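Worksheet for the structure shown next.
The values are calculated or read from the model by the stated rules, or taken from the named source; none is laboratory data. No experiment lies behind these values; they were computed from the predicted model shown. Glycine gets a Cβ as well: all are built from the backbone with ideal geometry, and neighbour counts include every protein chain shown. What goes into the accessible areas is simple: the full protein's heavy atoms, side chains included, and nothing from ligands, DNA or RNA. Shrake-Rupley method; radii C 1.70, N 1.55, O 1.52, S 1.80 Å.
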Amino acid sequence: MSGRFTRRGFLGTATTAGVAARLTPALALADPAPRTVPFDDGWQFSRGDFPGAEMPAFADAAWRRVDLPHDWSIEGPYSKDEPSGGSGGYLPTGIGWYRKRFARPAAGKQVEIRFDGVYQRSQVWINGRSLGFRPYGYIGFAYDLTPHLVDGENVVAVRVDNSLQPNSRWYSGSGIYRHVWLTVADPMRIADWGVQVHTTIESGEARLRIATRVVNATPSTQAMTLDTDIVDPNGKIVGTASAGGRVPANGERVFEQIVRVAAPLLWSVETPRLYTARSRLGADFVATAFGIRDARFDADRGFLLNGARVKLNGVCVHGDGGAVGAAVPEAIWRRRLALLKEMGCNAIRCSHNPPAPEFLDLCDTMGFLVMGEPFDEWRQPKAQTPDYGYHRYFDEWGARDLADMIARDRNHPSIVIWSAGNEVPDQTDAKGPETLQTLLDIFHAMDPGRPVTVACDNIAAEPKAALPEFLGKLDVVGYNYVDRWRDRREKFYSIDRHDFPTRKFVGTESPAMGGSRGAYRLGDEPPVFGERPSNSRIEVEQLQKFVQTYDYVGGDFMWTGIDYLGESFWPGKAASSGVLDTSGFPKDGYYFYQSLWTAKTVLHLFPHWNWQGREGETVAVACYTNCDTVELFLNGRSLGTKGFAFPRPGMIKQWGTYPPRALALQTTADLHLAWDVPYAPGVLKAVGTKDGKIVAVVERATTGPAAAIRLSADRDRIDAGRSDLAHVTVEVVDAAGRVVPTAENEIAFTLSGRGRIVGLDNGRPDSHESYRSDRRKAFGGLALALVQASNAGAMLLAASSPGLTPARIEIVAG
């Protein structure tokens, strides 16, 4: 499909001929040209401040040409003295300008420019006329260009001021880091974000309430007819509605239509089916994607999707994409979400700001349950952003930013709950309940079908705890780090469950099995990259056992799914709390969640077995598994069999009768198995059984020295353009083809063909190598190259390093 078919509320895109052939007479016309088109190409950019750069005649020929999205901070370099500090990954910020020349679109049309996100404090001009100021860098906004356009050349200019630092938790990037769009429509038109589809399900039938906001930019009252068709996931029209009326001059009116859909195809995690509302107002056309599903929280049963209990096995996700910074191509999110899905994750918390619209589109189509979140601060500042955080703007802009987020995102079926804020100090402040109520009123008025929570980190805290009045206002109470205080370390949610039996619970943020991929230590060696003590593994395991056992806990979002830039201490630049590193390579903890959250057989053994020179020293060997038992061997000698069962199965049928799994060896109540092994070179082998049968065998071998480079791509064919790219995994292997887990060889890259290397990464949290360089050191034997095509055709990526056999791989762009 062409255009932005899956974008909400201002799509105006064409559909396939197959769908058009089945439309009702009112809509069965030739597909209209998209009314909203990309405006990303051909901008001039320069860092620094330039008085007068808003004027059309300003000389910008020496500026750099860039295409959007664009993040200048990720270009570096890193410096301990950068004002962004650890919150911003020690990367540069400052002020930058963007300018673009364009011809006036068709006369008589309303022309609007929409920015999906500019970080931050943006000012926009058209032909020297100021259009406005927007301080919040995570929200989309639009301006009407119509009154200021001239025949011939027009110039739009954008000043971006990210100089007030630090201002965000965490890395934000700088610049026009999301897409820009130009909408050209009739003066009588459907408003941007103007279609809301609210669905309810009753007796196997879906009731759709479609509210459409119509804008009349003419000087006289206009009569109009609005036609809407509902198209199911198979392209079949399953309902129609028509509404007519008059819209006042230079005004607007909301029209409500009711459509009933028999036997709807429900949206779910397993079957994320999308419907489309196709709205036509004269020549104006908008297609709005939505899903039909019933999502709710219950005080006893937790989270229910279409009537069935679903545990939210969730992760928190920050907005950057590693090597590309905040300007993240869709293909990076698609790969990352696919990896999380493979892990068993079914839920995403967008922490702590509105994401790019295309991220939510992917959640819709891939089947994720989303917690949307607008703010990290309300009126009270946080310690990391005491002067320049969002609290500076909340009173003036908070209600507007929130309303814009809801209007943009409320049609996404993936969003099942809103969070009004994250760890806001206002939860303990006397005025906090009043502030919360203001936000709740906006949420419930604009989107009455979804519950609202706040990610609270001060429940039961000392010396100041979240106010009971504050918590009592929430539809669902969100707990950040539920086990931090006193005996909650063992009792978790049970204390509040006893005291508040009608409360609805969800874990909005909890520690994860993080750490740095492939980095281990022996004995009393100092922590690697600031890792937490080893008992953090037990914390995570015990909380997961509680969450998975008790139905009333709706689920949990662990911090985090993916490593992110910022929240670091020099020389670190990134936080290592994710189960995927910044390259998207899984860490050991990834397999812990996979063993718990999926039915697939999992047996993951760690650490590596390259400890040359440390012979005889004790190595803590562990595995994450859902096998009943695992036997460990070193060079063919058994080191013993261990096992656990969670949940522990009880008797069945009659007294004394147990399922086979209950009779398997159980040596621990933990959710991992461990052996202390004196190191000797050779092969560690783990053999896993279920119901007494061998179902998995894995090995960790001592490798030879690095001998060659091996390249592999997630796809050998990609689309040309900036939204797509290939992820090329770079492995340093020995002569037997085994990845050398300690290899740190520097690798040089060249690309021939019509494309470019967008970035190089290795996931190392303290690497200060430039993502834009043509070379990168391996970390843990791995590196990543991101390859993008500018035109159709073949590209050849070559990788080389002194002393290693080089490698090449072909990638074709279609």
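Histogrammed with a bin width of 10 Å, the alpha carbon distances of region 732-793 distribute as 22, 45, 26, 7 percent, first bin at zero. A convex hull fitted around the alpha carbon atoms of region 494-652 yields 174 Å³ per residue. According to the Cα-based calculation, Rg over Rh for the chain is 0.97, with Rh computed by the Kirkwood formula.
Quick one: Cα centre-to-centre distance for region 686-751 and region 528-594, in angstrom? Using only Cα atoms, the two centres lie 23 Å from each other. For region 245-369, the dipole from Cβ point charges (+1 on Lys and Arg, -1 on Asp and Glu) about the Cα centre works out to 260 debye, to the nearest 20.
Per the Debye calculation on region 297-368 with a single equal scatterer at every Cα and no solvent contribution, log₁₀ I(q)/I(0) for q = 0.11, 0.12 Å⁻¹ amounts to -0.31, -0.36. When we measure straight from the Cα of K642, which aspartates and glutamates land under 13 angstrom away, once same-chain ones fewer than 8 places off are left out? Result set, ordered by chain and number: D628, E631, D670, D676. Judged by the mean number of other Cβ atoms found within 10 Å, the most tightly packed of the peptides 542-551, 447-456, 126-135 leads the ranking 447-456, 542-551, 126-135. Heavy-atom surface analysis with a 1.4 Å probe gives the chain a carbon and sulfur content of 51 percent of its accessible area. Protection proxy ranking of 54-61, 262-269, by the mean of other Cβ atoms within 10 Å over each peptide's residues and highest first, is 262-269, 54-61. Rounded if a/c is under 1.5, else prolate if a/b beats b/c, else oblate: with a ≥ b ≥ c from the C-alpha gyration tensor eigenvalues square-rooted, which is region 165-292? It comes out oblate by the Cα gyration axes. Treating the Cα atoms of region 574-671 as identical point scatterers in vacuum, please give the log10 of the normalised Debye intensity I(q)/I(0) at q = 0.18, 0.20, 0.24 Å⁻¹, two decimals. These q points yield log10 I(q)/I(0) values of -1.00, -1.13, -1.31. Toward the positive end of the charge dipole of the chain, with +1 on the Cβ of Lys and Arg and -1 on the Cβ of Asp and Glu, the farthest Cα among A461, I538, A211 is that of A211. Cross-link check: pairs K311/K690; K236/K311; K473/K587 evaluated at a Cα-Cα cut-off of 29 Å; pairs beyond the cut-off: K236/K311; K473/K587. Quick one, what does Rg over Rh come out to for region 669-741 if you take C-alpha atoms and the Kirkwood Rh? For region 669-741, the value is 1.15. Which value, in debye to the nearest 20, describes the size of the charge dipole of the chain about its Cα centre when Lys and Arg Cβ atoms bear +1, Asp and Glu Cβ atoms bear -1, and nothing else is charged? So the magnitude is around 1420 debye. Across all C-alpha atoms in region 234-301, the radius of gyration and Dmax reach 16.3, 52 Å. Return the whole-Å distance between the Cα centroid of region 173-245 and the Cα centroid of region 47-109. That distance is 34 Å. Once you divide the Cα radius of gyration of region 533-601 by 2.2 N^0.38 Å, the number left is 1.26. In summary, the convex hull built on the alpha carbon positions of region 253-358 has an orientation-averaged projected area of 10.5 nm². Report the Cα centroid-to-centroid distance between region 131-170 and region 453-469 in angstrom, as an integer. Using only Cα atoms to place each centre, the spacing works out to 37 Å. Output the relative contact order of region 754-814, whole-number percent, from Cα pairs under 8 angstrom with separation of 6+ residues. About 34 percent, as a whole number. Considering every alpha-carbon pair of region 45-158, the percent of pairs per 5 Å bin, from zero through the bin containing the longest distance, is 2, 10, 19, 21, 20, 13, 7, 4, 2, 1, 0. Averaged over its residues, the chain has an accessible area of 38 Å² per residue, based on protein heavy atoms and a 1.4 Å probe.
Put simply, region 623-712 fits an ellipsoid with semi-axes of 34, 14, 11 Å; these come from the alpha carbon gyration tensor as the roots of five times its eigenvalues, largest first. For region 220-265, the fraction of C-alpha pairs farther apart than 14 angstrom is 56 percent. Helical runs (DSSP H, four residues minimum) scored at -39500 (n - 2.57) apiece and divided by the length of the chain put the mean residue ellipticity at 222 nm at -3500 deg cm²/dmol. What is the mean projected area of the alpha carbon convex hull for region 292-416, to one decimal in square nanometres? Mean projected area of the Cα convex hull: 9.4 nm². Using only Cα positions of region 415-534, each an equal point scatterer, no hydration layer, compute I(q)/I(0) via Debye at q = 0.09, 0.18 Å⁻¹ and quote the log10 values to two decimals. Cα-only, vacuum Debye calculation for region 415-534: -0.33, -0.94. The Rg/Rh ratio of region 435-484, with Rg taken over Cα atoms and Rh as the Kirkwood radius over Cα pairs, comes to 1.02.
Legend: Rg and Dmax of region 127-232, from Cα coordinates, 19.8, 59 Å.
Note on region 358-459: Kirkwood radius taken over Cα pairs, Stokes-Einstein applied at 25 °C and 0.890 mPa s, translational D equal to 172 µm² s⁻¹.
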